[in-house]
There are 2 protein chains.
Amino acid sequence: MTVADSSALDTLIVALRRLPGVGAKSASRMAFHLLQHDREGTRVLARALEQAAAQVRHCERCNTFTEAPVCSVCLDARRDASKLCVVETPADQAALERTGAFRGYYFVLMGKLSPLDGIGPKDIGLARLFERALDGQVSEVILATNFTAEGEATAHVIGEALRQRGLSVTRLARGVPAGSELEYVDLGTIAHALVDRR
Amino acid sequence: MTVADSSALDTLIVALRRLPGVGAKSASRMAFHLLQHDREGTRVLARALEQAAAQVRHCERCNTFTEAPVCSVCLDARRDASKLCVVETPADQAALERTGAFRGYYFVLMGKLSPLDGIGPKDIGLARLFERALDGQVSEVILATNFTAEGEATAHVIGEALRQRGLSVTRLARGVPAGSELEYVDLGTIAHALVDRR
């Protein structure tokens, strides 16, 4: 769709559609906004993209985004090397870190198994996870993938594989969220909380 | 919110929030997606932003986005110089052009009056519109701003000002959309279609 008398603008609208969740209308709205109201922001965003593409790589140990060969969490020698927590994304890892309740190391899958989208074990680097988990120091792997269908499937596959290799594998507890009233919690959650009661 | 061990990534997440409609969660999702699945797209988008910021400017006659001093529509001498159509955005202009029903010239406001957001006549360049409309050749100004509260207010203000200066001012017809059944059309639209019957 050509909306203006400028190939640079049309190119920008096409490029913005590479962002997830951005369609043709959003892309032109974004381009118009940047060029009309935030020319400086356009340049700031361009530089930020360029720099991130050039500098961000994956940690050799935990696979998270970092600019060094090994990230600062993996370099922190005060952590408990016997515990490895598996998460889907850096945002999930950040959420766990904010709790302050875990002092082991992480492995960031950067995705989840999703056969319907053609995402298999190779795409999320399970081989690297197994190598990391079997370094001899890790004794417990905590599966902290999301409690969605794909996250559960991913946890199941990883759990089975690591148990076969002799590791202790646990999963984050399912249950009633803190601060909630039972009347308003969905039945599946209450059922899980009942089964996993302690 | 720091989500990863990389200042370039954090900078990118902050920069993405300058896009309209993008909050903290969308911004990290976009950044993760680009860096994990579309490194090439990251560079493509960076270049597109850089180029658009450097090359896109406003047409001296109609105010639309263009890379030349005057846009190709304004340079098209076969158009009817007696008719000037006022629209809010280049996307609105593109929609009118696709109808093939208008062969005059345009003026693109690049916005609309919106007192609640502090957007007044100066912000949308009404002085330039008046200068353009009073070039001696234009005899009819067609107001094609949107049929929203702000679009209607903008049309009203422009219409009053240009009528005072002796120009003929018209507004796009309101009425029942092509292909629709009366039963499902909202009452305000039917009332307008009744008043404007021909």
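Things worth noting here:
- Scanning segment B:91-111 turns up no residue that is loosely packed, with under 14 Cβ neighbours inside 10 Å, within 19 Å of A:Gln36 (Cβ to Cβ) and among the β-branched types (Val, Ile, Thr).
- Residue within segment A:129-146 that is out of contact with any Gly (no Cβ under 9 Å at 6 or more places or on another chain), in a helix (DSSP H, G or I), under 23 Å from B:Arg29 (Cβ atoms) and open to solvent by 40 Å² or more (accessible area, probe 1.4 Å) present: no
- The set of residues in segment A:13-65 that are more than 7 Å from chain B (Cβ to nearest Cβ), part of a helix (DSSP H, G or I) and open to solvent by 60 Å² or more (accessible area, probe 1.4 Å) comprises A:Val14, A:Lys25, A:His37, A:Glu40, A:Arg47, A:Ala54.
- Among the residues of segment B:142-198, those identified as more than 29 Å from B:Arg132 (Cα to Cα) and hydrophobic (A, V, I, L, M, F, W, C) are B:Val176, B:Ala178, B:Leu182, B:Val185, B:Leu187, B:Ile190, B:Ala191, B:Ala193, B:Leu194, B:Val195.
- Looking only at residues of segment B:66-116 that are in a loop (DSSP other than H, G, I, E, B) and facing chain A (nearest Cβ under 9 Å), we find that the one that is nearest to B:Asp135 (Cα to Cα) is B:Cys71.
- Any chance B:Ser7 is of a type in the set (Gly, Ala, Ser), more than 22 Å from the chain's Cα centre (by Cα), modelled with pLDDT under 95 and open to solvent by 60 Å² or more (accessible area, probe 1.4 Å): yes
- Test: residue in segment B:71-82 that is loosely packed, with under 15 Cβ neighbours inside 10 Å, modelled with pLDDT under 95 and at positive phi: no
- Residue match in segment B:164-171 (condition: on the phi > 0 side of the Ramachandran plot and open to solvent by 60 Å² or more (accessible area, probe 1.4 Å)): yes
The values are calculated or read from the model by the stated rules, or taken from the named source; none is laboratory data. Being a predicted model, the structure only gives us computed values, none of them experimental. Every residue, glycine among them, receives a Cβ derived from its backbone with ideal geometry; neighbour counts consider all protein chains shown. We work out accessible area using only protein heavy atoms, side chains counted, and drop any ligands, DNA or RNA first. Shrake-Rupley method; radii C 1.70, N 1.55, O 1.52, S 1.80 Å.
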